Amino acid sequence: MSDVIPVTDDAYMPVGTFSVGDAQVQAGSFSVGAAVVKAGSLVVGAVRFGIVVAQLTAASATMAGLSDQVRAAFKYVEDCANSVDRLADQAAALSVDQSTVNEHREAAIVMRSCKDEAEAMAVECEEMSTLFHATADGHIADYGAVADAANNMPDGIEMADRTFYSNR
């Protein structure tokens, strides 16, 4: 994605002198299109910083939520396995044939067999959540001061070309 907003450079102010605050400006000595591109670039940079931080924070929250969902789903499966065990016990108490009782017990074992994998998946999701959060914090530490400075620049002071601040 380009950082430059396409604006033609042929939109000039009428020739003449006018006042902006205490300063006298020679109209026609600058390009309105270039000024719009510079201002747009600042806005795009500030918005991009906020979007990146928001996306990383959202990814962290999503992964933490997914971890909880994995654990909740396995809790449901474990409850189902306990219910199937109870059915197997009832079937055995009612003298149902042994193969039916065994099928129920095997089904409960299969249900429980994924517990370790489900827990490993939940742990991985938690670790990814932590990494996304750390990445957001790192992004704020690396670029937050620049974004704040760009957003709070006094009037009349132009920010340097944003590529100056980039480390990529």
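The values are calculated or read from the model by the stated rules, or taken from the named source; none is laboratory data. Every value quoted in this text rests on a predicted model; they were computed, and no experiment measured them. All Cβ positions, glycine included, derive from the backbone under ideal geometry; neighbour counts span all protein chains shown. Ligands, DNA and RNA are stripped out before the accessible areas are found, and what is left, the full protein with its side chains, is counted by its heavy atoms. Shrake-Rupley method; radii C 1.70, N 1.55, O 1.52, S 1.80 Å.
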*Looking only at region 102-109, decide whether some residue is surrounded by fewer than 13 Cβ atoms within 10 Å (Cβ to Cβ) and under 30 Å from residue 60 (Cβ atoms).*
no
*Which listed residue, of 123, 96, is in contact (Cβ under 8 Å) with a residue 40 or more places away in the chain, open to solvent by less than 90 Å² (accessible area, probe 1.4 Å) and either more than 22 Å from residue 53 (Cα to Cα) or within 33 Å of the chain's Cα centre (by Cα) (or both)*: 123
*Considering every residue within region 135-149, establish whether at least one is open to solvent by 80 Å² or more (accessible area, probe 1.4 Å), touching a helix residue (DSSP H, G or I) at 6+ places or on another chain (Cβ under 8 Å) and in a helix (DSSP H, G or I).*
no
*Filter result for the condition that a residue is open to solvent by 70 Å² or more (accessible area, probe 1.4 Å), more than 30 Å from residue 148 (Cβ to Cβ) and hydroxyl-bearing (Ser, Thr, Tyr), over 113, 67*: 113
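Can you tell me which of 123, 96, 110 is part of a loop (DSSP other than H, G, I, E, B) and touching a helix residue (DSSP H, G or I) at 6+ places or on another chain (Cβ under 9 Å)?
96
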*Does region 23-38 include one or more residues that are within 30 Å of the chain's Cα centre (by Cα), at pLDDT below 95 and open to solvent by less than 70 Å² (accessible area, probe 1.4 Å)?*
yes
